[in-house]
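Q: First the structure, which I've put down as C-alpha cells, then a few questions once you've had a look.
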Amino acid sequence: MLQRERGSPYTARKAGPVPCSLLRVPLPSCTRAITPLRGFVASWLRGFLLLAFTGCTGTGSVHMVSLATRKINPAEPLVITVKPGECYYWRDERDRLCLALREFRGSLFSRVLERETLISFVLGEPPAATSREYPVNTSTFRWRRRGGLTHLRAGSLNGVVAVWDYGKRTLRGRFRLTIRQQSYSVLTGWSGDARYIVVGEFQAVRDAERGQAILKRTEEDAMQREPLRPL
C-alpha cells in the first residue's frame, strides 16, 4: 500500500506476512497438518465403498474362451467376460459346499436390452484345511445366460475349483474348467455342442437364501443335478 509522508512522494509501505489462505498455492506449513487427515478420510471412504458394494453380496470375475478349432465366429468376442455383482456360498443338507454367482445389467428402455448371467457350483464337503481343491465333474457347474432373444445354458465336463479362507467372513477361490454350451430356439429347442474353457475367481459371502434362489434357476429345463440329466 502507498502512503504519503510529509515532504516526500508516495512510497511503498513494507508489507507484512501474507496469510496462507490468500495465496494461490498453499504453503507447505499449511498442508502438512492436513495431509494425514486427508489420507485417513480417503482410506476410510475407499473401505466403506468396498464394503457397501462387495461386502454384502460378494463379487467375482469369469472369462470364457471357445475351444472351437474348425471355425471362428467373427461376431463373437475372443474372450467373453462376466463380472458378477453377487456371489454367495453355503452348505446344503448334505453338507456340500455350494456357490452361486449372478450378473445383472438392467436397462431403462426395455427388458429386451437386459442381460443376466447365473452360475452355480455344487462341490464336496467343507475343506478340512484352509485351502482345498475340488475336482469338477458333469454335475458340478451350471450356467444360464439371458440377453435379448438369446438364451444359453451350459454344464461342466471337467476341471478344478480351489477355495481359501473357509470359515472366515468371505470365501475366496478360483476355478478352471471346460463346459458344454447350448442355445435355445423356438423352432428347435435346446441344441448345440459348443465347448469352452472357463476360468474365474470369486469372493463369496455366506447367504444360503439368495444362493439357493440362483442355484434353482440354473437347474431349470432339465439341468438338475440329481438325478443328473445330460445336455
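The values are calculated or read from the model by the stated rules, or taken from the named source; none is laboratory data. Since the structure is predicted, the reported quantities are computational estimates derived from the model, not experimental observations. As a convention, Cβ positions derive from the backbone with ideal geometry for all residues, glycine included, and neighbour counts pool all protein chains shown.
Q: Evaluate the following for A222: is it in contact with a strand residue (DSSP E or B) (Cβ under 6 Å, 6 or more places away or on another chain), over 22 Å from H63 (Cβ atoms) and surrounded by fewer than 17 Cβ atoms within 10 Å (Cβ to Cβ)?
A: Numbers: in contact with a strand residue (DSSP E or B) (Cβ under 6 Å, 6 or more places away or on another chain): no; over 22 Å from H63 (Cβ atoms): yes; surrounded by fewer than 17 Cβ atoms within 10 Å (Cβ to Cβ): yes.
When the stated conditions are applied, A222 does not pass them.
Q: Please determine whether any residue of the stretch 187-209 is assigned by TED's automatic domain parsing to the domain that holds P77 and in a helix (DSSP H, G or I).
A: Checked the stretch 187-209: at least one residue is assigned by TED's automatic domain parsing to the domain that holds P77 and in a helix (DSSP H, G or I).
Q: Tell me which residues, restricted to the stretch 86-115, are surrounded by 13 or more Cβ atoms within 10 Å (Cβ to Cβ) and either not in a strand (DSSP E or B) or not assigned by TED's automatic domain parsing to the domain that holds R210 (or both).
A: Result: D92, R96, E114.
Q: Further question: Would you pick out the residues in the stretch 168-209 that are within 19 Å of the chain's Cα centre (by Cα) and polar (S, T, N, Q)?
A: T170, Q203
Q: Turning to a different aspect of this structure: Going by the structure shown, is R169 in contact with a Leu (Cβ under 9 Å, 6 or more places away or on another chain) and basic (K, R)? Don't jump to the end; show me each part of the working.
A: Numbers: in contact with a Leu (Cβ under 9 Å, 6 or more places away or on another chain): no; basic (K, R): yes.
Spelling it out, it is not the case that R169 is in contact with a Leu (Cβ under 9 Å, 6 or more places away or on another chain) and basic (K, R).
Q: Here is a follow-up. Out of the residues in the stretch 159-175 meeting the condition of being of a type in the set (K, R) and surrounded by 15 or more Cβ atoms within 10 Å (Cβ to Cβ), tell me which one is nearest to V198 (Cα to Cα).
A: This residue is R174.
Q: Right, next: Within the group R180, R144, R174, R153, which residue is closer than 13 Å to L99 by Cα and either modelled with pLDDT of 90 or more or acidic (D, E) (or both)? Steps first, answer last, please.
A: Values: R180 fails: closer than 13 Å to L99 by Cα; R144 fails: closer than 13 Å to L99 by Cα; R153 fails: closer than 13 Å to L99 by Cα.
Just a single option satisfies the conditions, and that option is R174.
Q: Kindly indicate which of E133, E76 is among the acidic types (D, E), over 22 Å from I214 (Cα atoms), in the same structural domain as H151 (by TED's automatic domain parsing) and part of a loop (DSSP other than H, G, I, E, B).
A: Residue meeting the stated conditions: E76.
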